[in-house]
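Let me begin by presenting the structure, written as structure tokens, before commenting on it.
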């Protein structure tokens, strides 16, 4: 890709536009969009005009919202119409969702009434719903058609459809009856009737279903397309696998961000302003800071103990750190396990039982190593016993908190990803201090 | 799903096998596999025999390795042959990879020599390579065929091919020349020649390419299938989108685990033994514990300072915690940004510049709030100044470390995901203690 960029820049510098045109025609739209995004605006606009009509629309769909806006501003009305006529309806709706009101107005004014109606259909569904990511361009067949009729119909409407991998069969009221893959169609005798070879009881989703659930279902069933129905079970659109993959990737990014105590944002790293970056992080930092202050107050409360046995303070960071790490290990496993439907909320006790045994095994191993170290370095049996016991208590507590909170969140219909490392660590920090000093005061009779 | 499980259990209890057979036939293979995995072994084996041949094979492909092993043990040789003849080659290779040697021997003994050869072909590629996840069942056309010939050929080989969404065009030596979608085929005139309508310069991957890169490319280009070629550019297989989604999900899980200091494992949460769970977590806990011990030693070194100004100790957890949280926010954004190719190693200085400004903005806000709190609660300007300055220093340091280490890891060809929260937190903990006490000793003239 770097090499391609260099070649293109050299050709632009020499104004060799006809070679550029030939070269761009052989390239994939996703690659062209990537290279365009690194060009100065002026060159991007010039090169975009070199693309053949269909490649231009495909490339446009792959570009970022701000580049799309720049292009739209530079388009004449007829150029705008050309691009939007070529775009698939779901891609057009995606573009429109990102544009300011005046640009949306201009786009809709330059699309034909049919397209406008279809775009508005998609725009009316709530963000993150199946309806908002579906396309209305699919192939529907009637149950009484012969295979021959069906193939004729497909040939007629094929240029409008985004995908023909699966054809859906509906009755006169658009109720979803079944589906046929292109493979079934090509394999069947041409005089056979559609209803005899179609798969009945199709799996489908509702327009208002969460897009993440839809994407997860498609991954589970290995579906290339998923039919979307309205409340009366009428087929209104399909979700295609490329949108499902995008949704899965966006949701994963959101989970990563939430699990690092960052408020999710829509833009990519470099497209986010410094101020927005800071504001996405500060709220959680403040909340977590308060818990840090509480832990500090707790430690201050044991000042006498610390002054009586000064060696105790040296172990606080190790205990707090290990507790935090154990808690985040457990919570991460559980949050990810629930995200991929490997762990369900009703597995709560199975999870707790597992984590309890794991934490005992891990903590005894860690405690033993610490015990050895303290015996060698401090030669103090009591200190070794206090630290080792506190470590066992901290690790067990941390793993139990780490596994319970995400499941509890899920049961309360909250996002489990919030119950991740930063929050768990802060809770465990305070807990480990309490465990440590409770054991220490007992053993040293303070 | 829960409801379906109840119905099936009730039918089994009443031995209503013919109703069960009817019911299972209407269901999707992924759902059947899920329900089977919750049944007692005996019932699972019995119900599996009720499935029609093709549905049985599809269901088998969706089951977990240990259930597949149970089934294989219960199969007669002819049943085994039936299932493996129906399976797609890549699914069969996946099953075989998970089985113990004696089971593999029995499976290969009961497949015909052609299938056996194809399976061995896939098994010879390294784990996690494109070759290991590809299927050899694809449709290839010759450039001189007419569309009519092509459709005839497709009809003839269609039952063997896993997918027909894209047909690949090769010469007599199997060199990849181009591709055609089913859509192109159906739209073209039947006397047209394949080479005139095919897309040339196809994007392809090599057998030894990393499966994650292949999956990311398919997501980038919105490909349903990706052709795989050998060193001489001969087409040897295709990767289908369902395998690409699985790879993306597995890689994401691995990233989550690494970022929580857990050694990645292959099995799901409940299928992993207690001992294995513990061993996946202990190594990192030990490494991180050592850094915790170092931080403790550092704090002990400032014992005199702490005894002179006892109030100082109360702020250590807050400083360490905030530093750790800021570091993990930065590292998470960078690691994820690199995973989705939004950030590249050569963006290093852009990232550092961004994080520097964000950290100044965030830390000044947090420092101001702390300054206010300390002035109200302690009425000590010097203490307020020390804590606020230490907070700014800690946050800036944490974010710079958090953003640099993952990029440095990537440049050194290490996995950036290892440079995540746990490791960064531990490094930052020691750093924040040093920053804090350096500032404190200056201000209090100690």
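Being assigned to a helix (DSSP H, G or I), crowded, with 21+ Cβ neighbours inside 10 Å and facing another protein chain (nearest Cβ under 8 Å) is the requirement here; does residue A:262 meet it?
no
Check off (1) at pLDDT below 90; (2) facing chain A (nearest Cβ under 9 Å) for residue B:355 and give me the number that stays unchecked.
Of the numbered conditions (1) at pLDDT below 90; (2) facing chain A (nearest Cβ under 9 Å), the odd one out for residue B:355 is (1).
Kindly indicate the residue of the range A:1-33 that is in contact (Cβ under 8 Å) with a residue 24 or more places away in the chain and within 15 Å of residue B:203 (Cα to Cα) and also surrounded by the most Cβ atoms within 10 Å (Cβ to Cβ) among those meeting that condition.
Within the range A:1-33, the match that is surrounded by the most Cβ atoms within 10 Å (Cβ to Cβ) is A:32.
Kindly establish whether residue A:323 is facing chain B (nearest Cβ under 7 Å) and assigned to a helix (DSSP H, G or I).
When the stated conditions are applied, residue A:323 does not pass them.
Exactly one of these conditions fails for residue B:232: (1) crowded, with 22+ Cβ neighbours inside 10 Å; (2) outside any helix (DSSP H, G or I); (3) modelled with pLDDT of 85 or more. Give me its number.
Among (1) crowded, with 22+ Cβ neighbours inside 10 Å; (2) outside any helix (DSSP H, G or I); (3) modelled with pLDDT of 85 or more, residue B:232 violates only (1).
Identify all residues within the range A:32-41 that are under 30 Å from the mean Cα position of the chain (by Cα) and not in a helix (DSSP H, G or I); write none if there are none.
A:38, A:39
Which residues, counting only those in the range A:339-374, are in contact (Cβ under 8 Å) with a residue 12 or more places away in the chain, within 25 Å of the chain's Cα centre (by Cα) and surrounded by fewer than 16 Cβ atoms within 10 Å (Cβ to Cβ)?
A:341, A:345 - these are the residues of the range A:339-374 that are in contact (Cβ under 8 Å) with a residue 12 or more places away in the chain, within 25 Å of the chain's Cα centre (by Cα) and surrounded by fewer than 16 Cβ atoms within 10 Å (Cβ to Cβ).
I'd like the residue in the range A:97-113 that is under 29 Å from the mean Cα position of the chain (by Cα) and part of a loop (DSSP other than H, G, I, E, B) and, out of all such residues, is surrounded by the fewest Cβ atoms within 10 Å (Cβ to Cβ).
Only one residue tops the list, namely A:100.
Condition first: farther than 16 Å from residue A:338 by Cβ, part of a helix (DSSP H, G or I) and either within 14 Å of another protein chain (Cβ to nearest Cβ) or in contact with a strand residue (DSSP E or B) (Cβ under 6 Å, 6 or more places away or on another chain) (or both). Can you find one or more residues in the range A:402-412 that meet it? Give the steps one after another, and end with the answer.
Initially, the range A:402-412 is screened for residues farther than 16 Å from residue A:338 by Cβ, giving none.
No - not one qualifying residue is present in the range A:402-412.
Take residue B:386 and tell me if it is farther than 21 Å from residue A:325 by Cα and in a helix (DSSP H, G or I).
The answer is yes for residue B:386.
Quickly run through the range B:293-309 and pick out the residues that are within 7 Å of chain A (Cβ to nearest Cβ) and either within 44 Å of the chain's Cα centre (by Cα) or surrounded by 16 or more Cβ atoms within 10 Å (Cβ to Cβ) (or both).
Within the range B:293-309, the first condition is being within 7 Å of chain A (Cβ to nearest Cβ), and the residues that meet it are B:293, B:295-297, B:299-300, B:303.
Matches in the range B:293-309: B:293, B:295, B:296, B:297, B:299, B:300.
Is it the case that residue B:215 is within 30 Å of residue B:284 (Cβ to Cβ), at pLDDT below 90 and crowded, with 19+ Cβ neighbours inside 10 Å?
no
Report the residue count in the range A:95-105 for those that are touching a helix residue (DSSP H, G or I) at 6+ places or on another chain (Cβ under 9 Å) and free of Cβ contacts under 8 Å to residues at least 24 places away in the same chain. Can you show your working first?
Let us first name the residues in the range A:95-105 that are touching a helix residue (DSSP H, G or I) at 6+ places or on another chain (Cβ under 9 Å), namely A:95-100, A:103-104.
Checking which are free of Cβ contacts under 8 Å to residues at least 24 places away in the same chain leaves us with A:104.
Counting residues in the range A:95-105 that are touching a helix residue (DSSP H, G or I) at 6+ places or on another chain (Cβ under 9 Å) and free of Cβ contacts under 8 Å to residues at least 24 places away in the same chain gives 1.
Residues of the range B:42-60 being more than 21 Å from residue A:223 (Cα to Cα) and within 30 Å of the chain's Cα centre (by Cα), which ones?
B:44
Please verify whether the range B:73-92 includes one or more residues that are in a loop (DSSP other than H, G, I, E, B), within 30 Å of residue B:130 (Cα to Cα) and touching a helix residue (DSSP H, G or I) at 6+ places or on another chain (Cβ under 6 Å).
Within the range B:73-92, one or more residues are in a loop (DSSP other than H, G, I, E, B), within 30 Å of residue B:130 (Cα to Cα) and touching a helix residue (DSSP H, G or I) at 6+ places or on another chain (Cβ under 6 Å).
Quick check on the range A:204-227: of everything there that is at negative phi and assigned to a loop (DSSP other than H, G, I, E, B), which residue is nearest to the other protein chains (Cβ to nearest Cβ)?
We begin by selecting, within the range A:204-227, every residue at negative phi; these are A:204-221, A:223-227.
Of the ones still in play, those that are also assigned to a loop (DSSP other than H, G, I, E, B) are A:204, A:207-209, A:223-224.
Values: A:204: 12, A:207: 21, A:208: 20, A:209: 15, A:223: 9, A:224: 6 Å.
Per the criteria, the residue is A:224.
Mind telling me which of the residues B:333, B:361, B:312, B:288 ends up being on the phi < 0 side of the Ramachandran plot, in a helix (DSSP H, G or I) and more than 7 Å from chain A (Cβ to nearest Cβ)?
Exactly one residue qualifies, and that residue is B:312.
Looking at the range A:391-401, is at least one residue touching a residue at least 12 places away in the same chain (Cβ under 8 Å) and over 44 Å from the mean Cα position of the chain (by Cα)?
no
Just the residues that are in contact (Cβ under 8 Å) with a residue 40 or more places away in the chain and surrounded by fewer than 21 Cβ atoms within 10 Å (Cβ to Cβ), please, taken from the range B:150-168.
Within the range B:150-168, just B:162 meets the criteria.
What number goes with the only condition from (1) more than 36 Å from the chain's Cα centre (by Cα); (2) surrounded by 21 or more Cβ atoms within 10 Å (Cβ to Cβ) that residue A:379 does not pass?
All conditions pass for residue A:379, except number (2).
Among B:304, B:355, which is under 30 Å from residue A:369 (Cα atoms) and assigned to a helix (DSSP H, G or I)?
B:304
Of all residues in the range A:235-245, which are surrounded by fewer than 24 Cβ atoms within 10 Å (Cβ to Cβ) and either assigned to a helix (DSSP H, G or I) or without any contact (Cβ under 8 Å) to a residue 24 or more places away in the chain (or both)?
Of everything in the range A:235-245, those that are surrounded by fewer than 24 Cβ atoms within 10 Å (Cβ to Cβ) and either assigned to a helix (DSSP H, G or I) or without any contact (Cβ under 8 Å) to a residue 24 or more places away in the chain (or both) turn out to be A:242, A:245.
Those residues that are under 36 Å from the mean Cα position of the chain (by Cα) and outside any loop (DSSP other than H, G, I, E, B), I need them from the range A:124-154; list them, please. Steps first, answer last, please.
Filtering the range A:124-154 down to residues under 36 Å from the mean Cα position of the chain (by Cα) leaves A:124-141, A:154.
A:129, A:130, A:131, A:132, A:133, A:135, A:140, A:141, A:154 - these are the residues of the range A:124-154 that are under 36 Å from the mean Cα position of the chain (by Cα) and outside any loop (DSSP other than H, G, I, E, B).
From B:45, B:50, grab the single residue that is more than 23 Å from residue A:347 (Cβ to Cβ), assigned to a helix (DSSP H, G or I) and at pLDDT 85 or above.
It is B:45.
The values are calculated or read from the model by the stated rules, or taken from the named source; none is laboratory data. Worth saying up front: this structure is predicted, and the values here are computed from it rather than measured. Every residue, glycine among them, receives a Cβ derived from its backbone with ideal geometry; neighbour counts consider all protein chains shown.
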